[in-house]
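Read through the structure below, which is laid out as structure tokens, and then see the notes.
Quick note: the coordinates plus some simple rules give every number you see, no bench work behind them. Given the structure is predicted, the values throughout are model-derived calculations rather than measurements.
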Amino acid sequence: MTNLQKRILTSLIIFPLSIFVILKGGYILLNFLLIVFFLANYELFTVFKKKSTILFLDLILIVSLFSIFYLTENTKTTFVILLWVIVLCVCSDVGGYVFGKSFKWKKLTKISPKKTFSGVFGSFIFSILSIFIINNLHITKSVELNLYEVKYFFLAIIFSLVAQIGDLIISYFKRLEKIKDTGKILPGHGGIFDRIDGLMFVLILTAIFHKLNIVP
């Protein structure tokens, strides 16, 4: 089985499972987040050596996991927003991968040699597509949320940008430690931090935007 096949198979298991747990909420979600926390911390203390790196990444992890719980325990609208940003981050990642492989444009940065400007462009396009994906699921109608408002298209670009920056931040710390992946727990993806690198930062920003009434 190739690495891409492993990546697809793992995604087909992890993504529906994560959505199911978020839908259930309550103690099921709390226990799931605790499992993610302990697995991610195992990675941190096994792979990373610098105490400052461990402290920073652990802080980001804790705040992002708290953001998930906070958004699910709020209103049905914030719950839909949470689902949207998760789908958006997946779309952003897929778009970056597809465009990066298909169009060989200039390299973006030495921090992550595989990142290209075409990948950035693809991430933005696929992130916008996430709006149509969520709307077609018809879950926005039950909460009277119109993701077709202009501000959500701007937010899609912002969230995608933050996800890509988050990805680069984790890549920077991995480069300092001279490692490729943070672990091997997720076949085809690497470790926990390899999978949720950009999502962590987007979740935190979403919680902040909710507090500021930028998103409902």
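Here is how the numbers come out for the structure above:
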{"read-out": "Sum of -39500 (n - 2.57) over DSSP H runs of 4+, divided by residues of the chain (222 nm, nearest 500)", "value": "-26000 deg cm²/dmol"}
{"read-out": "Structure-derived mean projected area of the Cα convex hull in nm² - corresponding label in (i) 11.9; (ii) 10.9; (iii) 13.9", "value": "(i)"}
{"read-out": "Listed residues GLY166, GLY25, GLY95, most fluctuating in the chain (Gaussian network, C-alpha, under 10 Å)", "value": "GLY25"}
{"read-out": "For segment 75-178, alpha-carbon Rg over 2.2 N^0.38 Å", "value": "1.18"}
{"read-out": "Residues of type lysines that LYS49 reaches as a straight line, Cα spacing below 16 Å, ignoring anything fewer than 8 places off in the same chain", "value": "LYS174, LYS178, LYS180"}
{"read-out": "Candidates PHE159, PHE201, PHE37, ranked by Gaussian network fluctuation over the chain, Cα under 10 Å, top entry", "value": "PHE37"}
